[in-house]
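Right, one structure below, let's go through it.
The values are calculated or read from the model by the stated rules, or taken from the named source; none is laboratory data. Being a predicted model, the structure only gives us computed values, none of them experimental. Cβ sites come from the backbone with ideal geometry, for glycine too, and all protein chains shown count toward neighbours.
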Amino acid sequence: MGSKKTIVVVDDHPLFREGLKSLIGRNPSLEIVGEAGTAGEGLRLVKELKPDLAVVDISLPDRNGIEVTRELRTSHPNVRIVIMSMHSKIDYITEAFKAGATGYIVKESATDRILQGIEAASRGEYFLDSTLSHNVVEKLLATPDKESKITDKRYNTLSAREQEIMRLLAEGLTTKEVAARLCISPKTVENHRFSIMAKLDIHSSIELVRYAAKLGLIDVDLWKD
Amino acid sequence: MEPLNLIIVEDEEAHYQLMRLATLKELPSARIHHFVDASSCLDQIDEIRPDVIIADYRMPGMSGIEFLQVLSDGNRDIPVIIITGQGDERIAVQAIKLGAWDYLVKSSDSLVLLPRLLQKLISGRRLRRSLLEAERRFQDLAESTLTWLWEMDRDGNYTYCNPVVAKVLGYPAEEVVGRNFCDFLHEEERENISRILPRIMQTEKPSSCMVIRLVHRNGHEVIVETNGAPVLDKAGKLLGHRGMNRDITKRRRAEEHIRLLTQQSLRAQESERLKLSRELHDTIGQELSALKIGIDTLLDDQPEEFVHRMGQRVVKLSKMLQETIAEVRNLAYDLRPSTLEQFGLVQTIYQYCDEFSRRNGIQVHVLCAGMDDLDLGFDTRITLFRLVQEGLNNVRKHAEAKNVSLRLVASSPMIIFNLEDDGKGFDVQNRMMSTLRERCMGICSMEERVALLGGTMKLDSRPTQGTRIRIEVPLRENVHGIKENHRGC
């Protein structure tokens, strides 16, 4: 091995930086060349020192670590980034990798694993804490279960006015009554109705009511169907 | 009813006796005073204060007609019945013109007719008295009540106000009568009301509990609750309205104050939770993490023999620390989910429900629609999340449910939130019973949160049939830092 891999640590907790320093000191092929307590300072150091790796805390006083990652990926694509985080929620993890991180390590992990992660990332390998990867895999495997949590994509395309009209129609108001209620012309209501049915891919008033009932727009008994 | 007090002026004793007997037969309690001429009657009339006088037309001295004249000159409002002879109808007409109440022609029928006339007089007197009483009762009530009573014509012009109006509006009743009720409306109310005014004024249905803002003479706002009913004529044509206004300004202010205080206390609670959560997560958590690395690397440069001796203990400490860190992190998250700001409400709810399902073995089916691209105001976001939290916690604690359905749907201008479980349910009527008090607390707290957002909450439950909660709150988005309401025209 010729040269050491250089590392910049960006974390606002001096105590944690200290710990990390002594931990990284265990591996002679790694060297910390700079330390920063803020995102601004960290970005400046990376620009100046061009390290192989930046270890960035996910929450920094000025900006969050994900934003720093995103910026570094465009300005210094050769610098690998490891996110250190207190969070173990999957959203943070996916967000970090989407932003371009190479590794994601939870701060409470075993020290060996932290070091392992930093080493792997410095070699350019993706690394996810094994305590986490278990969670993540479980989540991914649980995809069929996702059906119990649905965001209705079609309904999302309705405009505010269409939502309003849909509910009134589902509640049984006639076109005329809806028009009177909203102070618009029956013709406009008809246009909206047409657009709603097209967007939701439904073809009759009965279907519209059923759809509204499924979403809970109108008050019907769920368990009795 | 007092007995009838009667004077008979009749010079023929026999005729007087006949009249007396005929009267007493029908009106046994009547008190009868007899005079043989008009002037002796006039001497005592003010003492006797009769209800009615029966006077013969032909009398010694003063005639019946002259007698009538004297009575009306003296401003005595006593009904008089004049007795005339056969063929004296001309005199009868004259008597009526002079103010006689009625006349009776001496005949075989007159003794039958007399008691009837008296009966008619009594019932008329009764009617007048009850009318007077009713008017008096109304006057007394109208003047002693704290409610402003009013009448207005079809155009909304006041035609009557009781004196209370002066207390409410600062204007004496005389100054209000004749003016239109729109004149007293609060500026911000005027446009709304004048738009619906024709409809209100033409309605023939009573209106109840309308809340209207008016302006006091000295400029401050007065809030009244008004109840009114239409006034119709015999043909059913609308004449106007009458009703009452109750000054609820103080009550409203107090309610507003309570609402504000509750809101402030909830906000304070949230900001305190945020502070605590941040402190736990960012300071204590981070320091514990640093401490853990410190412990883990403690033995790095130590002699072999020392490592051998201490190694196990260090590993144990490190493991304890790791558990503590996880606990701190979970606590921080429960206090305030950091994902709410970073990944939004829907994602946070999904995550929360997911964990709830796993921890408690209750399947939570979540359905969100139209919620993804909303930039909800902070109050709405945190309230909806807390409603999910509290709702699910109620289910966990009380429902014994296997499935929960949670649906959150944007339906401009409202957000509709349905939470239903298939648990054991409860009797909503008896929910104040002590065994259910804890449950009630959970529900009351939800109701309070919903009310603060200006929403409504409906609870439906029956034993063995699960519980359904339906909440609607106004959809308020942040638009360039300004809150905007979704609303129609």
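For the range A:60-96, a tally of residues being in contact with a strand residue (DSSP E or B) (Cβ under 8 Å, 6 or more places away or on another chain) and over 20 Å from A:ILE7 (Cβ atoms) returns 5. Restricting A:THR94, A:THR102, A:THR131 to those that are of a type in the set (S, T, N, Q) and at pLDDT 90 or above reduces the list to A:THR102. Checked against (1) away from chain B (no Cβ under 14 Å); (2) touching a helix residue (DSSP H, G or I) at 6+ places or on another chain (Cβ under 8 Å), A:PHE194 passes all but a single condition, namely (2).
From the list B:SER194, B:SER271, the one residue that fits, being under 30 Å from B:THR383 (Cα atoms), hydroxyl-bearing (Ser, Thr, Tyr) and more than 17 Å from the chain's Cα centre (by Cα), is B:SER271. Of the residues making up the range B:7-61, those that are outside any helix (DSSP H, G or I), over 18 Å from B:LYS106 (Cα atoms) and small (Gly, Ala, Ser) are B:SER29, B:ALA30, B:GLY61. Could you say whether any residue in the range A:17-28 is out of contact with any Lys or Arg (no Cβ under 8 Å at 6 or more places or on another chain), closer than 22 Å to A:ALA96 by Cβ and loosely packed, with under 15 Cβ neighbours inside 10 Å? No, the range A:17-28 contains no residue that is out of contact with any Lys or Arg (no Cβ under 8 Å at 6 or more places or on another chain), closer than 22 Å to A:ALA96 by Cβ and loosely packed, with under 15 Cβ neighbours inside 10 Å. Going by what's in this entry, would A:ALA121 be described as within 16 Å of the chain's Cα centre (by Cα), in contact (Cβ under 8 Å) with a residue 24 or more places away in the chain, surrounded by 21 or more Cβ atoms within 10 Å (Cβ to Cβ) and assigned to a helix (DSSP H, G or I)? When the stated conditions are applied, A:ALA121 does not pass them. Of the residues in the range A:61-80, at least one is assigned to a strand (DSSP E or B) and closer than 30 Å to B:GLU355 by Cβ.
Residue-level check: of (1) farther than 19 Å from B:ASN227 by Cβ; (2) assigned to a helix (DSSP H, G or I), B:ALA100 misses just (2). A:GLN116 satisfies every condition listed in (1) more than 9 Å from every other protein chain (Cβ to nearest Cβ); (2) outside any helix (DSSP H, G or I) except (2). Out of A:LEU200, A:LEU158, A:LEU173, A:LEU208, one residue alone is within 14 Å of chain B (Cβ to nearest Cβ) and under 24 Å from B:ARG476 (Cβ atoms). It is A:LEU158.
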